Structure formats: C-alpha cells, structure tokens
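What follows draws every value from the coordinates through simple rules; no lab data is involved. All values derive from a computational prediction rather than experimental measurement. Virtual Cβ from ideal backbone geometry, glycine too; neighbours counted across all protein chains shown.
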Amino acid sequence: MGRLMVITTPDLAPGFELAGVETFAVENVDRAEAILAELLSGDEASLIVVRQGLLEAMGSRLQRQVQRSYRPVVIGIPGGVPAISASGRRQRYISELIRRAIGFRITFGSAQPEAEES
C-alpha cells in the first residue's frame, strides 16, 4: 500500500514532519519537479501533496502527467492565504479531487451525482 508524501517549501515542512508524513523540503521549482517526476514513476506513493505555488510553476509536460495520473493522486495545497475562497469553487475543487481519486464526480447539495470515466 502506498504512502502519503508531501513536497513543500522549508517553512511548511516541519509541520508535516511532526505529523509523521514523509516530506521533501525544496528551495526551488526545479528540485520539486525532479522529486515529483521520480515519485510519479515509482510505486511508493498513493497520494502526493504539493504546495500549490510549486505545482503551478512546474512545466506543462509534468502538469499534464499529474492531471492524467490515476495513482498516485497528486493534489496541490495552498500555502499561507487560502487560494479557494468562495464556497462553490471550494466544492468544485474537492469534487474534482474525488473524481480523480475514485473515477466518479460527486456533487454537493440537491444535484444528482454523475458517473465519469477517468
């Protein structure tokens, strides 16, 4: 079974490490890209969490690979001020993460869930 792994900046790394999560503290996007590419090609990780700013700054080829990845699932987390403020946007973001993980789109509220192939 795979593990949770985090790629973040040195200022956030200690919090993840204290929680017992395998953490890669990187100073720049190039190092983050190298680590992420290695993790995507291996089978150790089932979930990779990447600081959103690093993920957004990565090359388009790697970003496409992340979007197509079924396992491990890669998600971006904001550092500092939350990047997703409106409730509807937050729900769509969470719904998309779930869809990537399980292959189904989950809707919130009164709408009916719809199946979607990954």
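General observations
- Net charge, Asp43 excluded, C-beta distance under 14 Å - Lys, Arg +1, Asp, Glu -1: 0
- Cα shape, region 1-48, gyration tensor, a/c 1.5 rule: oblate
- Pairwise label distance in nanometres, Gln63 with Glu22, each label 7 Å out on the Cα-Cβ vector: 2.7
- Under 13 Å, Cβ to Cβ, from Gly59 - net charge with Lys/Arg +1 and Asp/Glu -1: -1
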